[in-house]
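Written out below as structure tokens is the structure these notes cover.
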């Protein structure tokens, strides 16, 4: 099972330094208990907020511009843009 957990930076530093105490143990325990399980057969997880969308709306003037409007229903993302996006969490090796 893979889960995503959130811990304070100070807790991460204490773990990196090898500091183990009861308070730290409880913080890590709570983080694991409240973590977000990842799907069993997930592929690479990426930050899609980093994508740049092309607007493919044809307004009669041949509109083909980079679009950053939130209301646009004509967003297009190229497959190559998705593939070159940095991976945050790699595939667990069993994705289909």
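General observations
Matching residues to (1) over 14 Å from residue 89 (Cα atoms); (2) out of contact with any strand residue (DSSP E or B) (no Cβ under 8 Å at 6 or more places or on another chain):
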| residue | (1), (2) |
| --- | --- |
| 3 | no, no |
| 9 | yes, yes |
| 20 | yes, yes |
| 23 | yes, yes |
| 34 | yes, yes |
| 40 | no, yes |
| 48 | no, yes |
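- Qualifying residue in segment 36-46 (condition: at pLDDT 80 or above and assigned to a helix (DSSP H, G or I)): no
- Of the residues making up segment 50-71, those that are at pLDDT 60 or above, in contact with a strand residue (DSSP E or B) (Cβ under 7 Å, 6 or more places away or on another chain) and surrounded by 13 or more Cβ atoms within 10 Å (Cβ to Cβ) are 53, 54, 55.
- Residue list for segment 1-35, restricted to those being more than 19 Å from the chain's Cα centre (by Cα) and part of a loop (DSSP other than H, G, I, E, B): 18, 19, 20, 21
The values are calculated or read from the model by the stated rules, or taken from the named source; none is laboratory data. Computed from a predicted structure; not experimentally measured. All Cβ positions, glycine included, derive from the backbone under ideal geometry; neighbour counts span all protein chains shown.
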